[in-house]
Amino acid sequence: MININKDGPVFHLQAGRSSYIISILEGRYLIHGYWGGRVETVNPFQLFTLGTRPYSVTESMDSEHSENFNRHWISNGGSLSDKGQLNPESAFSPERLPLEYPTAGIGDLRKAALQIRNAAGSPSCFLEYRDYELIEGFPGPSGLPYISEPPETCQTLRIGLVDQVIGLRVDLYYLPLPSLSIILRWNRIQNNSETAVDINHASSASMDFPGDDMDMITLNGSWGRERNLHRRAIAPGIQSIESRGGTSSHQHSPFIALASRDATETNGTVFAASLIYSGNHRHLVEQDQYGSLRLQCGINPNGFSIHLPPGESFDTPAAVLAWSDSGLTGISDNFHPFVRHYLLPALWRDRDRPVIVNTWEARYFDVNSQNILELAEQGKEIGGEVLVLDDGWFENRKDDKRALGDWVPDSVKFPGGLSDAVNKIRNLGMGFGIWVEPEMVNRDSELFRRHPEWILGSTGRKPVLARNQIVLNLGKSEVVEHLLDVLSGLFSSTPISYVKWDMNRYMAETDEPETPHRYMLGLYRLWSTLVSRFPHILFEGCAGGGGRFDFGSLAYMPQFWTSDQTDAVERQRIQFGTSVLFPPETMGAHVSAVPNHQIGRITSAESRGLTALCFNFGFELDLTIESEKDKAVYSRLSRLYKKYRTLFRTGRFLRLLPELYHFNNSKSHQRDSHAWSIVSTDKNESIVFYFQAMANPNDDGRWLRISGLEEHSSYMDVEKQTIHDSAFLMNRGLWIPPAAGDYRSVFWILKKVENK
Ligand code: GLA
């Protein structure tokens with residue numbers, strides 16, 4: 001809901017249980033008035049105070065504004081001056097104002113949201129309020145991912161700002177979601193002047209907060225160790241995370257949260273922001289000299305610049321802003337339904353996901369029509385539903401040194417053609433999926449020989465390699481057209497029901513500062529065309545595991561391969577952090593072999609299976625050599641997954657151990673425990689998982705407190721047939737007896753039995 005008080009004006013956006021208020025000072029400055037728990041009435045004169053700061057730029061209000069402001073400010077609890085007159089605070093420092101879209105050159109020395117350079121080379125810009133418009137619907141940034149077909153009617157607020165001197169117009173777009181405490185923001189920058197302007201930085205969102213003590217929470221890691229939760233106290237200066245390799249990255253997920261010092265997993269105030277974008281990003285908080293905080297997110301300005309000729313405009317990606325007064329749980333309670341009901345491609349929002357049998361860790365490059373059929377037969381026996389032919393299926397692809405770019409099936413490995421192999425798999429009653437990595441070439445490929453000018457960094461230097469491959473420049477429309485042709489041919493030549501879309505290196509050489517963003521626009525055009533041409537195909541994104549797992553990817557691909565790390569214990573931590581942002585049905589999670597191929601750890605079939613069970617379940621191991629005993633475990637867990645997958649896709653995912661308390665670091669992990677549960681929307685069922693990495697010496701057992709159950713009810717532990725009071729479960733918990741042995745995993749199915 002958007003309320004506009006026209007005198008002022010003051011814009012009051014109500015989203016779920018939150019409010020977001022923007023006001024205007026002196027008809028010019030756009031003020032960030034408030035973001036937090038929902039308020040019903042707004043008094044514009046209580047939103048901020050005026051005043052100057054020593055050694056800083058000072059502006060004076062014109063006398064009419066000043067008198068008006070001070071009269072109201074005083075009658076609303078502000079103070080008179082010592083001399084008993086109206087508070088003489090008619091002067092103010094922009095640096096002291098909580099601003100909504102600050103620019104460089106106005107005397108606010110904190111980080112600007114927009115940095116430009118005009119034709120004369122000046123970075124100065126003063127955006128003054130001009131107009132607003134209430135738009136029915138949800139217009140989004142051009143060519144960039146955004147929500148589609150929301151479940152309810154929505155209104156968007158547009159606020160126009162203008163710098164008259166340089167002829168620049170900036171429109172800020174706000175979409176408050178009616179039933180979630182989420183606001184979407186994005187901006188359009190329009191050059192209305194006669195000369196070109198360079199945009200060197202354009203935040204998607206910027207907000208100033210009063211200087212309460214707060215912590216910064218981010219999700220960080222590396223390849224094979226994505227999205228470990230980090231929490232640190234905010235200190236004076238800028239603290240930021242950013243990605244630079246052309247993707248949202250393994251190192252720093254595009255996410256930042258400011259949490260009150262006392263916030264925990266379930267309590268306390270948290271403000272979170274995440275971009276709907278898969279390229280280079282920066283999320284930062286700046287604490288200024290007086291302790292105020294500025295939160296900002298957007299495309300990473302380092303190495304970025306967009307040249308905007310007269311008459312042209314530039315759209316920023318959208319930011320998703322979520323507010324919670326119930327810790328990180330409240331943030332996930334907003335982000336998960338946001339992904340489920342607004343972001344995922346509409347067709348996949350209500351579809352259960354199949355059990356995957358993937359060839360990669362089973363066969364690596366050594367795939368052929370015979371061995372994938374054998375794997376499919378074994379997979380079918382343990383409940384597999386789609387056989388996914390991973391890397392190695394195309395002509396000349398013996399290893400990772402060659403053939404990327406030439407998407408022609410290998411006629412030696414598949415003598416009857418791919419269709420023949422696919423038909424045999426389909427005759428087993430399984431679907432067929434295929435792996436592609438279309439954004440890359442190897443030097444040893446027909447495509448590179450034909451079009452060496454299509455790569456990134458084609459400036460005459462020898463291209464820099466990573467995993468022996470080079471990135472194609474998707475900023476060039478001919479490259480996107482070529483990929484559309486080749487992939488459309490492949491996807492329509494065989495009955496493919498699933499595609500794993502991979503991307504296995506970062507960008508190193510980007511010829512121009514526009515390239516990384518132009519690349520993303522090309523990639524999004526490619527994805528949106530393919531997903532609308534092939535709506536029946538389930539696309540799973542991958543970038544060396546979770547290197548591009550973000551809201552931008554999920555707008556096209558309803559699931560993502562969470563990590564190349566398939567060890568159960570490591571996966572528990574990764575899935576734990578990933579769940580802050582994404583609901584379980586978006587996370588690919590497969591049972592792999594032991595000793596684990598990434599780190600050599602040996603865990604039981606049960607542990608590996610339960611770690612993956614409530615996500616996008618699948619297998620990634622050579623089932624032809626697995627023991628009958630382990631295969632029996634896999635079959636049982638596949639059946640369980642199928643029975644409960646609708647609950648996993650629709651239920652409320654809850655993290656049960658308060659890891660958020662810790663200022664943790666990703667290396668001190670050996671003794672970790674993890675626990676999560678999924679509660680059905682009607683609270684009739686809850687499936688609870690507990691994992692303990694290392695056995696505790698002299699273990700005394702522990703209680704695991706369960707959240708999200710129906711109050712005043714009882715639940716039956718289905719296996720033990722014991723009845724538990726829901727209040728007892730939520731206050732004390734389930735008892736986990738001591739047990740010997742590492743890598744323990746336990747689960748419970750709880751069913752509601754009565755209402756007291
Ligand atoms: C990446 C992916 C893996 C697999 C290989 C194939 O590493 O993350 O799952 O598909 O590529 O080369």
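The values are calculated or read from the model by the stated rules, or taken from the named source; none is laboratory data. Quick caveat, the model's predicted, so the values are computed rather than measured. Positions of Cβ are generated from backbone atoms using ideal geometry, with glycine treated the same way; all protein chains shown enter the neighbour counts. Calculation scope for accessible area: heavy atoms of the full protein, side chains included, ligands and nucleic acids excluded. Shrake-Rupley method; radii C 1.70, N 1.55, O 1.52, S 1.80 Å.
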Long-range HN-HN contacts of MET507 with modeled amide H, under 5 Å: GLY246, THR247
Chymotrypsin sites (Phe, Trp or Tyr not before Pro) within region 345-388: DSSP coil, no more than 15 neighbouring Cβ in 10 Å: TYR364, PHE365
Within region 195-346: Cβ-based charge dipole about Cα centre, in debye rounded to nearest 20 (Lys, Arg +1; Asp, Glu -1): 460
Part-to-part distance (alpha-carbon centres) for region 689-709 and region 126-147, which is given in Å: 48
Simple spin-label estimate for LYS629 and GLU133 in nanometres, 7 Å along Cα-Cβ: 7.0
Estimated inter-spin distance, ALA739 and LEU347, nm [label 7 Å along Cα→Cβ]: 4.3
Burial order of peptide ranges 514-525, 131-142, 672-683 (average beta-carbon count within 10 Å, highest first): 514-525, 672-683, 131-142
Burial order of peptide ranges 198-207, 111-120, 228-237 (average beta-carbon count within 10 Å, highest first): 198-207, 111-120, 228-237
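Are there any trypsin sites (Lys or Arg not before Pro) in region 246-317 that are in a DSSP loop and have at most 13 other Cβ atoms within 10 Å? List them by number.
Numbers: sites: ARG261, ARG282, ARG294; in loops: ARG261.
For trypsin sites (Lys or Arg not before Pro) across region 246-317 that sit outside H, G, I, E and B with at most 13 neighbouring Cβ atoms in 10 Å, the list reads ARG261.
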Estimated FRET transfer efficiency when R0 is 35 angstrom, pair GLN370-SER532 (beta carbons, to 0.05): 0.45
Rg to Rh, two decimals, where region 346-654 supplies the alpha carbon set and Rh follows Kirkwood: 0.96
Reachable lysines, given that their alpha-carbon falls under 18 Å from the alpha-carbon of LYS720 and they are not under 8 places away in the same chain: LYS751, LYS752
Alpha carbon centroid spacing (whole Å) that separates region 542-595 from region 161-207: 33
0 to 90° range, to nearest 10: angle between helix 628-650 axis and the chain longest Cα axis: 30
Dipole of the chain, positive direction: furthest Cα of SER528, CYS614, GLY475, with charges on the beta-carbon: CYS614
Point-to-point label distance, ALA508-ALA196, nm (Cα→Cβ direction, 7 Å offset): 2.9
Net charge dipole size for the chain [Lys, Arg +1 and Asp, Glu -1 on Cβ; Debye, nearest 20]: 1260
Cut-off under 5 Å, modelled amide H: who pairs with GLY33 long-range: ILE21, ILE22, SER23
Per-residue ³J(HN,Hα) for region 108-117, Karplus 6.51 cos²θ - 1.76 cosθ + 1.60, θ = phi - 60°, Hz, x for Gly and Pro: 9, 8, 6, 4, 6, 7, 10, 10, 10, 9
Alpha-carbon Debye profile of region 506-579, log10 I(q)/I(0) at 0.13 Å⁻¹: -0.50
Semi-axis lengths (Å, descending) of the ellipsoid that matches the C-alpha gyration tensor of region 674-756: 25, 12, 10
Accessible area per residue, Å², the chain with all protein chains present, probe 1.4 Å: 36
Accessible carbon and sulfur surface of the chain relative to its total accessible area, %, 1.4 Å: 49
Residue among TYR715, ILE496, LEU258 farthest towards the positive dipole end of the chain, charges placed on Cβ: TYR715
Those aspartates and glutamates that a straight Cα-Cα span of less than 20 Å connects to LYS683, excepting residues fewer than 8 apart in one chain: ASP333, ASP350, ASP352, GLU585, GLU710, GLU711, ASP717, GLU719, ASP725, GLU754
Helix axis angle, 63-75 relative to the chain longest principal axis, alpha carbon, degrees: 70
ARG461/ASP399 FRET efficiency (R0 25 Å; Cβ-Cβ; nearest 0.05): 0.45
Three-way shape call for region 102-217 based on the alpha-carbon gyration tensor, with the a/c threshold at 1.5: oblate
Full-extension gain in nm, THR153 to SER419, via 0.36 nm per residue minus C-alpha separation: 91.3 nm
Cα-based helix-to-principal-axis angle, 327-338 vs the chain, degrees rounded to 10: 70
For the chain, radius of gyration divided by Kirkwood radius, i.e. Rg to Rh on alpha-carbons: 0.99
Sparsely packed trypsin sites (Lys or Arg not before Pro) within region 410-495, loop by DSSP, other Cβ within 10 Å at most 14: ARG461, ARG467
